[in-house]
Structures are given as structure tokens and as C-alpha cells.
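Every read-out reported here was derived from the displayed coordinates using simple, explicitly stated rules and does not represent laboratory data. The structure displayed is predicted, hence computed values, not measured ones. Positions of Cβ are generated from backbone atoms using ideal geometry, with glycine treated the same way; all protein chains shown enter the neighbour counts.
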Amino acid sequence: MSDRSVDVAIIGAGPAGLMLAHLLRREGLSTVNVDSRLEEKIRRTHRAGILEHGSVEMLSHEDLNSRVLSEGHRHDGIDLRFGGQSHRVDFQALVGESVWLYPQNELFHDLATAAHRHGMDVRYNVTEARPMDIESDSPGVYFVDEGGTPHEIRSRYVVGADGSRSVCRASIPEGLRRHYVSEYPFAWFGILTEAPPSAPELIYARSPHGFALISQRSADVQRMYFQCDPETDPNSWSEEDIWAELQKRVEGPDGLRLKTGPIFDKTVLKFRSFVCDPMHHEHLFLAGDAAHTVPPTGAKGLNLALADVRVLAPALAAAVRDEDERLLADYSDTALARVWKAQNFSYWMTGMLHQEPDENEFNAARRLGELRAVVDSQHGKAFLAEQYTGWPDTPASAV
Ligand code: PHB
């Protein structure tokens, strides 16, 4: 039953797992990825759309042949809208950085296509995938392939990049693992619509009716969200009601009108802030949503997953090639330092822009004060811009 052996076995073939495999391949390490989903299903999953400059750099490597720079759109700012008025946060002017609008399904397409091209070992549609013997010197993964044949692949290290419902996480003994969780009393109702863009940049709008985000996908497809009750059934909303709700939340004296069109996708996205500490136990390492999730307001989820593997890949390479495990020993602390900054940013943006279901008048007015304190100050806007566009990998305090 024991097949081949590899340097690193990766459970998960989403963006974190595949990007890690690409980085390791460049370092000369052998990998296998196993994922319970069908490749086609991951390709069709609509998720986040904003990439930090650090994520774009990773994707721009020539061996990925990504279309991020040709098809993605550079955004040099966002629009914070409240009291019916827009306030631009100019990332370029404030911190000299930009973000790129490039949907996660496109990013997955690039990584999966490049994996095929380079002949990498990626097994989709498997069942029962789990880490084995992570406390021994010969760990590995067990899974059953799509034909029903069980496999064991031995490796030097195992990486759990298996998403928010991670199986790998449970391999860290309970007594050594701490979970930090924060729940929210609202969710996002997300739509995809065939319509022209309503604005050149993303609009994050706070209104007395709740939050709305006007995002984009292309010249003729747009992505928009509005705050809703987490129990909302997306099919209970008609197109007419959705447009009325979105419009109400961006209304203002400047007469902003959303450009409407047929809606072809409706989903309710639940919010959760979650951190698993540590992200490492013996020969197992967690990356991406397996170790942490953030609410989508700061667009940090995918970027954090990519930041994890940016730290993990050279650490695994040093351990396999040079028998030097020092970087691996630091991985969890290094990754968690960024994770907690992103947790704070996502929580802050979420609180500032959403309306609590039972929000009192004081807090509703105070939130407007908070937004004003940001947009009326160069320092306030620069703080937001620095966080939104992404921190450098080495924090200033460490150098
Ligand atoms: C998106 O376009 O899907 C998107 C953009 C920004 C966010 C969240 C989602 O903060």
C-alpha cells in the first residue's frame, strides 16, 4: 500500500497548498497534494478578489505563467462611503503601494494549470485524506483515490492546507492547541451580476441600513455584497429586492446609481474570526484557512494563506536540503505575528463599517466619528492603506 515517498506531503490543493508545492518545486523538493474536491469544483468556486502586492509578486513568477498582470486590474485606492459621501483612500499617494483585483478562481486556474504543465503530483477527488505518524521520523498521508484504492505516501514533512474545516488541525494534540474565536451577528449576501462597473474602484459603504461593498470582476461582470442576517436564504430574495437594498445603502447627494443587470449567483457568506495556535506540531505544519479565518471585510484571507507559504517554503527547503530546522521552528511564531495583525485589521474594518443588529444610537454615531477620524487624517488613511495593501514580510520591529 505504501507508494512513493516525497519530501513534503500537502493535504489540500487550493491556493495555499498549490502555491506551496510550486515554491517547493523551485527549491528542488518533491511534493504531493491531495484534495477531497474535484478540480472543476475548485475552479468554479467564487471567493475573494483582492491581492496584496506581495501576493501578486508570488504569482508573477515566470514558471506560473499567470495572467494576473495582463488580466488583473491594479487598484490604487478604495472609496470609504458614509453619510452618503465618498472619501477616497489613495494607496499610492499614502504608502506607495497598490492592490490587484484578480479573483481567487483565476488564481487557482493559474496554479492548477501550471501544476499540470510541470507534471506535479496533484490528486483531486480523494477521500479519507489524513496525516499519518506526524510524531515519527517517517510521517505521511493516507488517502483513498477516486477509484477506491487506498494509498500511503511517506514524506519528511506534512502540511495541512486543507481549509477551514481542516482534518489536519486535529492532529495537534488538544492540550497543546489553543483556538481563538470571535463570531459576528451578521453575514454578507454576495451576488455576481452581468452589468458594467458602477465605479472605477471598490466602494466600502456604511449606511443606516447596513454595510455594502461594490466590487468588480471584469468589464461585464460585477461582484457586490450587502450585510444580512446569517440565517438569510439567498433564494428568498428577488433580483428587484437585491438591487433596491444595494442602492439604498450607497444612496447619497452625489446621486450615485448602481448599474444593474441579471444576477447569476447568490450566496450568503458567514463571518468568523478564528486562529489556531500553534500552527505546527512535530512534523506537521498548518497553512492558510486550516489555521486561521478572517471576515472578508479587509480582503485578507487569501493573502494570509499566501503569506504563510512564503514563510513555510524556505523553511521546509532548509530543513530538507541542509538538515537545518531552525526556520521551521520559528514558522508558527513568524506566521502568527502577521495573522494577528490581519485579524485586528479585519475586525476593525468589520466593526467600523457594519451596523450591529441592536446597535444603540451612541455607537452608530460613534462609528461615524471613527470613520471621520480615519478619512480626515493623513495618518489615519495611511494606517488603513498600509494594512489593506499588506505589510512587508519582515516587520520593522524585527530589524
Ligand atoms: C471581492 O471582490 O470579492 C471582495 C473584495 C474586497 C473584499 C472582499 C471581497 O474586502
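Descriptive notes on the structure:
- Value of relative contact order over region 207-248, rounded to a whole percent, pairs C-alpha under 8 Å and six or more apart: 34 percent
- Distant-in-sequence amide H partners of ARG123 (H built 1.01 Å from N, under 5 Å): ASN33, VAL34, ASP35
- Farthest positive-ward along region 327-399 dipole, Cα basis, beta-carbon charges - from ALA335, PHE383, PHE345: PHE383
- Using a cutoff of 8 angstrom between alpha carbon atoms and counting only pairs six or more residues apart, the relative contact order for the chain works out to 20 percent.
- ³J(HN,Hα) computed for each position of region 348-358 - Karplus, 6.51 cos²θ - 1.76 cosθ + 1.60, integer Hz, glycine/proline x: 5, 4, 4, x, 5, 9, 9, 9, 5, x, 10
- Neighbour-count ranking [beta-carbon atoms within 10 angstrom, fewest first] of HIS283, HIS379, HIS118: HIS379, HIS118, HIS283
- Exposure proxy order (Cβ contacts within 10 Å, fewest to most) of ILE214, ILE242, ILE11, ILE172: ILE242, ILE172, ILE214, ILE11
- Protection proxy ranking for 229-238, 96-105, using the average of other Cβ atoms within 10 Å per residue and placing the highest first: 96-105, 229-238.
- Overall form of region 131-174 per C-alpha gyration tensor (a/c, 1.5; a/b vs b/c): oblate
- Applied to region 186-196, the Karplus parametrisation 6.51 cos²θ - 1.76 cosθ + 1.60 on θ = phi - 60° returns per-residue 3J(HN,Hα) values of 8, 9, 10, 8, x, 10, 10, 9, 8, 7, x Hz, with x for Gly and Pro.
- Estimated 222 nm signal from helices in the chain, with DSSP H stretches of n ≥ 4 weighted -39500 (n - 2.57), rounded to 500: -10500 deg cm²/dmol
- Largest GNM mean-square fluctuation among SER166, SER36, SER138, using the chain with Cα springs under 10 Å: SER138.
- The string of couplings for region 163-179 from the Karplus curve (6.51, -1.76, 1.60, θ = phi - 60°) is x, 5, 9, 2, 7, 4, 3, 5, 6, 7, x, 3, x, 9, 10, 10, 10 Hz, one whole number per residue in order, with x for Gly and Pro.
- In a reduced charge model with +1 at each Lys and Arg Cβ and -1 at each Asp and Glu Cβ, the chain shows a dipole moment near 560 debye about its Cα centre.
- Working from Cα pairs under 8 Å separated by at least six residues, relative contact order for region 254-386 is 20 percent.
- Candidates per trypsin sites (Lys or Arg not before Pro) in region 127-235, loop by DSSP, up to 13 other Cβ within 10 Å: ARG165
- Sequence of LEU202, LEU192, LEU312, LEU269 once ranked by neighbouring C-beta atoms within 10 Å, starting from the fewest: LEU269, LEU192, LEU202, LEU312
- Of all lysines in the structure, those lying under 23 Å Cα to Cα from LYS259, and not within fewer than 8 positions of it along the same chain, are LYS248.
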